[in-house]
Amino acid sequence: MTTLLERLSQDRRQLLMDRSVSGRVGATLPESDVPHQPLPEEGLLRDTLDFPEVSENELVRYLSQLSQLNFSIDHNFYPLGSCTMKYNPKVDDEIASMPGFAEIHPLQPDATVQGALRLMWELQQRLIEITGMQGCSLAPMAGADGEFAGILMARAYHQDRGNTQRNKVLIPDSAHGTNPATANMCGFEVVTLPSDANGNTDLEALRFSVGDDLAGLMITLPSTLGLFDSNILEVVRVVRDAGGIVYGDGANLNALLGRVKLGDLGFDVMHSNLHKTFTQPHGGGGPGAGPVIVGERLLPYMPTPVVNRSADNDGNLIYTLKAPPQTVGRMGAFHGNFGALVRAYAYICTLGDQGIANISHDAVINANYILSRLKGYYDLPYDRSCMHEVVFSARNLKREHGISALDVAKRLIDYGIHPPTMYFPLIVEEALMVEPTETESKETLDGFIEVMRAIAQEAQDAPDLLHNAPHDTPNTRLDEARAARRPYLRWQPED
Amino acid sequence: MLDTIGVDSVDELFADKQQQHRNPTLDLPPPMSECDLKRYFGELATMNKTPGEYACFLGAGSYRHHIPAIVRQLTSRSEFMTAYTPYQPEISQGTLQTEFEFQTLCAQLTGMDVANAGMYDGSTSLAEAVLMASRVTRRTRVAVLDSVSPAYISVLRTYAEPPGITVDVVSADNPELNEDTACLVAQQPNFLGYIQDMQAIADRAHDAGALFVVYADALSMAMFTPPGDCGADIVASEGQALGVPPTFGGPYVGIFACKQSYIRQMPGRIVGRTVDSQGRTAYVLTLQTREQHIRRERATSNICTSVALIALMSTVYMAANGRHGMRRAAELTYQKAHYLASLIGGIPGYSVVDGGVFFQEFAVQCPMPPSTLNERLLEYKIIGGLDISEQLQNGMLICATEVNTREEIDAFAAALAEIGTTV
């Protein structure tokens, strides 16, 4: 028997179609102010549109209540490794919604959007300076899209030289899944490189893997183990000597800002996840932006468009959208995720020269502080100082108390903290990857450390508390296998 | 904190880095205060000629429509805006349930069985549809009607050619397919704005054993027979028209819908319904074994994002307008565009291309190069249509929607007439 309370709580989760009442509408539209134009013949027109009918008030209440079922960076600490969930300054949202940015149409003539183009050009220049590269295209719409653009450029570079036999891309075993997926989308064969005992690239395996069929290497620096590869100069040299392109996955750029420029190390191309390093509210999974920044060898191949600056006869600066001479083409219909570019550039302007370098300073101290204070409570697979993130392993808890990384993660939710990245990188058993970012205070870190220590103790004293976590959430653990076995992907009328 | 870590300075933590490349100079401007920041970006923003201040008649893939206030209000909530990707479903039901709503609305709008949670934009959604058609049919050519937007064909080439798929641009009047053709791609309305007989094109595709992939304008589907009722196997669309400001081209959200039988070949995030350990309904990311973080190089795509916040904007827009509001917004748009076409058709020197029924945009042959015309129109505070002289001599693609007032439309026609007499 369902109690009234239970029923009301279910009702709050009712879908729009089940809330629909004929005749209700949540938005108003004007009356037509033009002479009536005859509609086309009936046969071309849609019979009915099976959409919900809800009032504005109902819609606002439904979605506001739903929103409260989420954790978010404005409410919770997100020590989410590899995701760089830093605080997003509110002023950037205000700026991005200025009508002069939000309302402009992507196909307006260049002369009518000089402010937007100048903003893009300046952002290109800042990214080039920060990474030590030569050119930049802001077109890719996400990190994975930037990877795609980068590997397309490597492909075009080899094809241009008639080296079509170069069909292999090397990828370390610690890499994000997007790297191999990207190489495959570009028609390359993926060769996985092992890491050595210190978490660096295994140089012997690398030397063995390079040859005339090498197209390039995709490498994340610092690696997803949160470690700076101390062999990196040698890695770059080996790949370049073999004729390969060195691609840098910029997911962990936060650790490098003002410390090292990938261009100086000999990288040919990298992408920057602007939404991570230079902030953009994550939005529950996008939007982001993934500009590519390239060295000299790949300049002609950048995706289109790129913003150029020149002077007219009177010396006025003119900004124009241009296609690089041998461009790999268009990544999307227009010029990239401009709204995200505005936010990222505003963030860079706020920080300025000193602020940018402080990011890596604070991010690295914060991660090492957590490392030092949780060492001994959780296994540390690579016992050396880390960069902006630290990878622990729950294998000691698993062995001794049957507690998995998943259990630790879910128990953190009870304490109001978003779980760290789990089971990644794949080469670490029961991985818990923690990235505090530079925007968190020492007090927040101490609170997290206290909770993590308490959970390690609970693993010993009350393991079921962890197995059954989370306890105080709108839903307990979900039957994910059932969702995949019997896919139910939309509302259906028989419900 | 350094004491706890056991180092004297932060530089020791960076000691791994190659000495000669450590701490490079960073030639950037000094920091800006919030006050300076708003002033500087405000200046940049005012250097643009902004629609609203200017009457604007551009479309071609990005459309201006009225966006109800609740769209911005609801999507600005921190709980939606600053949440992470919902990998932890117990604390992400808000995002997951709204994504499920988006999938439902997109499936119903397109007339298809299922939709995913969103792609980067309409053009990449179309490109991924073609890759999927190739996986499903195990064929390696794609036929694209020459009436599809050149920009979309260009994106399609970016995606299709590296994995070895050949793009054949074929005549819309008589598309030639062969036994290697994985799919036939059509755009509805076509690039020039005209409605085509989709069932006839679908039959051509299916007769050749190919799938029928349709790129459909989002709002037009509220008024015209949707692709799902005309034999489409996969439908891509641009969600921008549904509640998203033009924002100089992005971020937008791509709609991706298909038949139920292809769900395990779909790209992108998909949300499914399930139950929790206490038997209560809940939503979760599902069919993840298709995706890059599990399947790596054998994934259906490298995409990670579903552009969730923009998808939410479209969800709120579709839900607020609902069954009748969507149709009304579409019909108002139709009224404005047809009124404008009727005026332009009466101006000496201009002719509206007779391509049949159109929805919100149409092609016009002008008495002078459209670039010159557009430059002159700025004096009247009007941003004219898109220069398509590469497709049509002195051609301009002109769009009007419900946000264009009669006053604006009359002024546009009058300006065209006035400038036309100066040829």
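The calculated FRET efficiency for the pair A:Gln354 and B:Thr289, based on their C-beta separation and a Förster distance of 56 Å, comes to about 0.75. In whole Å, how far is the Cα centre of segment B:1-62 from that of segment A:311-378? Using only Cα atoms, the two centres lie 6 Å from each other. Taking every alpha-carbon pair under 8 Å whose residues sit at least 6 apart, chain A reaches a relative contact order of 18 percent.
The value of relative contact order for segment B:70-316, using C-alpha pairs under 8 Å at least six residues apart, is 28 percent. Test of understanding: extend the Cα→C-beta vector of A:Asn57 to 7 Å, then name every residue of segment A:16-45 with backbone N under 20 Å from that spot. Once the point is set 7 Å along Cα→Cβ of A:Asn57, A:16-29 turn out to lie under 20 Å by backbone N, inside segment A:16-45.
In segment A:142-190, taking the dipole from charged Cβ atoms about the Cα centre, the farthest positive-side position among A:Gly146, A:Pro180, A:Thr164 is held by A:Thr164. Placing unit charges on the Cβ atoms of the charged side chains and taking the dipole of the protein assembly as shown about its Cα centre, the candidate lying farthest along the positive direction among A:Ser404, A:Val25, B:Ala186 is A:Ser404. Backbone N atoms of segment A:45-88 closer than 13 Å to the 7 Å Cα→Cβ label point of A:Ser22 belong to residues A:53. For the protein assembly as shown, DSSP calls about 55 percent of its internal beta bridges antiparallel.
Taking label positions 7 Å along the Cα-Cβ direction at both B:Val275 and A:His75, the computed distance is 2.7 nm, reported to one decimal. Projecting the Cα positions of B:Thr95, B:Leu109, B:Val213 onto the charge dipole of segment B:70-316 (unit charges on Cβ atoms of Lys, Arg, Asp and Glu, taken about the Cα centre) puts B:Thr95 furthest along the positive direction.
So if we plug the beta-carbon distance of A:Asp11 and A:Glu480 into 1/(1 + (r/R0)^6) with R0 = 22 Å, what FRET efficiency do we get, rounded to 0.05? The computed FRET efficiency comes out at 0.30. For segment A:174-324, the share of DSSP beta bridges that are antiparallel, to the nearest 5, is 60%. The dipole here belongs to segment A:436-481: it is taken about the Cα centre, uses +1 on the Cβ of Lys and Arg and -1 on the Cβ of Asp and Glu, and is about 60 debye.
Rounded to the nearest 0.05, the FRET efficiency derived from the C-beta distance between A:Glu429 and B:Thr421 at R0 = 60 Å is 0.15. Label sites at B:Gln20 and A:Asp461, each approximated as a point 7 angstrom past Cα along Cα to Cβ, lie 5.6 nm apart. Normalising the average separation of contacting C-alpha pairs (under 8 angstrom, six or more residues apart) by the number of residues puts the relative contact order of chain B at 20 percent. Cross-link pairs exceeding 19 Å between alpha carbons, from the set A:Lys90/B:Lys38; A:Lys86/A:Lys410; A:Lys86/A:Lys276; A:Lys86/A:Lys442; B:Lys49/B:Lys381; A:Lys375/A:Lys398: A:Lys86/A:Lys410. Taking every residue in A:40-50 and counting other chain Cβ atoms within 10 Å of its Cβ, the average works out to 6.
For segment A:91-350, the dipole from Cβ point charges (+1 on Lys and Arg, -1 on Asp and Glu) about the Cα centre works out to 260 debye, to the nearest 20.
Modelled spin labels at A:Leu380 and B:Asp168, positioned 7 Å past Cα toward Cβ, are 6.3 nm from each other. Per residue, the protein assembly as shown reaches -11000 deg cm²/dmol at 222 nm when only DSSP H runs of four or more residues are counted, each adding -39500 (n - 2.57). Using a Gaussian network model of chain B in which every pair of alpha carbons under 10 angstrom is joined by a spring, one finds that among B:Arg298, B:Arg141, B:Arg269 the greatest mean-square fluctuation is at B:Arg298. This model, with +1 at the C-beta of Lys and Arg and -1 at the C-beta of Asp and Glu, gives chain A a dipole about its Cα centre of some 660 debye.
Our estimate of slack between A:Arg161 and A:Ser441, defined as 0.36 nm per intervening residue step minus the Cα-Cα distance, is 95.6 nm. For segment A:390-495, the list of trypsin sites (Lys or Arg not before Pro) that fall in a loop by DSSP and count at most 15 other C-beta atoms within 10 angstrom is empty. What the phi angles of segment B:143-154 give under the Karplus curve with 6.51, -1.76 and 1.60, with θ = phi - 60°, is a coupling list of 9, 10, 4, 6, 8, 7, 3, x, 5, 5, 4, 5 Hz, glycine and proline written as x.
Available extension along the chain between B:Thr4 and B:Ala69 is 18.4 nm, counting 0.36 nm per residue and deducting the alpha carbon span. Take the alpha-carbon centre of segment A:123-173, take the same for segment B:142-213, and report the distance between them in whole Å. One Cα centre to the other: 29 Å.
Computed extension gain for A:Ser64 through A:Asp241, at 0.36 nm per residue and net of the alpha carbon distance, reaches 58.0 nm.
Read the figures in this text as sums done on the coordinates, not as results from a lab. In this text, all values refer to a predicted model and were calculated from it rather than measured experimentally. Heads up, the Cβs are rebuilt from the backbone with ideal geometry, glycines too, and the neighbour counts pull from every protein chain shown.
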